[in-house]
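Data first, discussion second: the structure below is written as structure tokens.
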Amino acid sequence: MEFTAFNLHPQVAAGVRGAGYTTPTPIQAQAIPPVMAGRDVMGLAQTGTGKTAAFVLPILHRLMAGERGRVRALIIAPTRELAEQIHQSVQTLGLKTRLRSVTVYGGVGVNPQVQKLRAGAEVVVACPGRLLDHINQGTIDLSHLEVLVLDEADQMFDMGFLPDIRRILKHLPARRQTLLFSATMPPDIRTLAHDILSDPVTVQVGNVAPAVTVTHALYPVEQHLKTPLLLELLRHTDTESVLVFTRTKHRAKRLGEQLEKAGYRAASLQGNLSQNRRQAALDGFRDGTFQILVATDIAARGIDVSQVSHVINYDIPDTAEAYIHRIGRTGRAARSGDAFTMVTRDDAAMVRTIERTLNATLERRIMDGFDYSVQAPKKDTEFARPPRQPMPGRKPAGKPGAAKVGKDDARQRHQPGHGARTAGAPSGHRGRQSRRTGN
Ligand code: AMP
């Protein structure tokens, strides 16, 4: 299928060509026709599937006809980063349309937003809190709204935005087209969808399975050896850009510092950062200044990191959905990515849940040459000081050429059948058999 099949307005089609898209992704193929036909749509898709263009393109097509200078499409997203990303998509895909998009979110000055809204825009991309402020201050006119999009609705729910969303809805024209996108369908989102969508078409991609190009592997390890194992993994893997997930903000900060000390270009992203520092970390990760970004689930929401080569779960996530959401960041739009998860004995139940959800058995890997027998120190078991390790870039003793290995070499080192030990037998995991990825 080609984009030409949609008969998009020529100026919108020009934007598609400019973005370099030739073939619609599955969510685009499914969602664009009903959205163009004016239907309400419930889209079950996660970031990385091309869902943004799935709603942006039909919106731009619709807005080509009709009045300019009024807000006719409103897209609500949970985070500033996602709002920015959607706004960028509108700019790129709408480059030839002369349609204007304005972002509305907190943490930055109100006045520039008010000025841009006054100057006239057809599309507003907003986070709920600041949008409500503008509604309450009378600085936004939504009386001509034709299309509403709620993107990543489950994240908005997780972040406590549903009451704000319901307040916003009261100020919107009842006669409108509504699109709701969500990676998962918790009961509150199902209720919201039932309340606000009228006779919706449901489109879904990939059940809850992550992008197929991702290679998953589990690294069984004791808690106190996670940091040294991470350093070893990084040393032996040709990683371009790595997103590391931790369970808590405190760990993210501390691990970021430890990686920096170990000589990596690393930054951490936690909720406590000022907007400037957060932006600096994100920009640095995007432009390659930082090779590693350590983050919690919440802090990492909405990051557009299409170039992420590896996701490393320093801590296993709390739910299978969160696992898929994290992993969804690698392997976007046909790039391949690797996802490594460190697992302790306590994580066994969650591993089973994830494997059941993916309907696959994840491969267990043992890091060759890593000393799994180091005992936990008496104090601070969570962040045991790593055993003395050579700095990255230096030649480690006894491992000629191992400081930087190519991807293929790294694969050989880690993968079964290529010299890596794969029987699951680090201390605490004795007797577990190595298993290959099931699909
Ligand atoms: P999204 O799921 O909307 O965050 O999109 C994920 C990535 O895929 C973004 O970097 C998009 O620019 C890219 N993308 C979206 N649609 C297509 C397409 N049809 N062909 C190639 N890349 C695409």
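Between Arg286 and Val108, the simple label model (points 7 Å from Cα in the Cβ direction) yields a spacing of 1.0 nm. For Arg352 and Ser274, a Förster radius of 30 Å and the Cβ-Cβ distance give a FRET efficiency of 0.15, rounded to the nearest 0.05. Taken one residue at a time, the phi angles of the range 50-58 give Karplus couplings (6.51, -1.76, 1.60, θ = phi - 60°) of x, 5, 4, 5, 4, 9, 5, 4, x Hz. Gly and Pro are set to x. Here each label is just a point 7 Å from Cα along the line to Cβ, and for Arg345 and Lys261 those points are 2.8 nm apart. Here each label is just a point 7 Å from Cα along the line to Cβ, and for Met159 and Asp371 those points are 4.4 nm apart. Rounded to the nearest Hz, the phi-derived 3J(HN,Hα) couplings of the range 221-230 under the Karplus curve 6.51 cos²θ - 1.76 cosθ + 1.60 (θ = phi - 60°) are 7, 7, 3, 6, 9, 4, 5, x, 5, 4, where x marks glycine and proline.
Take peptides 273-279, 67-73 and line them up by average Cβ neighbours within 10 Å, highest first, as a rough protection proxy.
Values: 273-279: 13.7, 67-73: 16.7.
Per-residue Cβ counts within 10 Å, averaged per peptide and sorted highest first, yield 67-73, 273-279.
Converting phi to 3J(HN,Hα) with the Karplus coefficients 6.51, -1.76 and 1.60 and the offset θ = phi - 60°, the range 94-101 yields x, 3, 9, 8, 6, 7, 10, 10 Hz in sequence order, with x at every glycine or proline.
Averaged over residues, the count of other Cβ atoms within 10 Å places the peptides 349-358, 74-83 in the sequence 74-83, 349-358, highest first.
Would you mind working out the magnitude of the charge dipole of the range 3-205 relative to its Cα centre, with +1 at each Lys and Arg C-beta and -1 at each Asp and Glu C-beta, to the nearest 20 Debye? The partial results should precede the final answer.
Working: 20 positive and 16 negative charges, 144 e Å.
That gives the range 3-205 a dipole magnitude of about 700 debye.
Each value in this text was obtained by applying a stated rule to the coordinates, not by laboratory testing. Since we're looking at a predicted model, the values are computed, not measured. Glycine also receives a Cβ, built like all others from the backbone with ideal geometry; neighbour counts cover every protein chain displayed.
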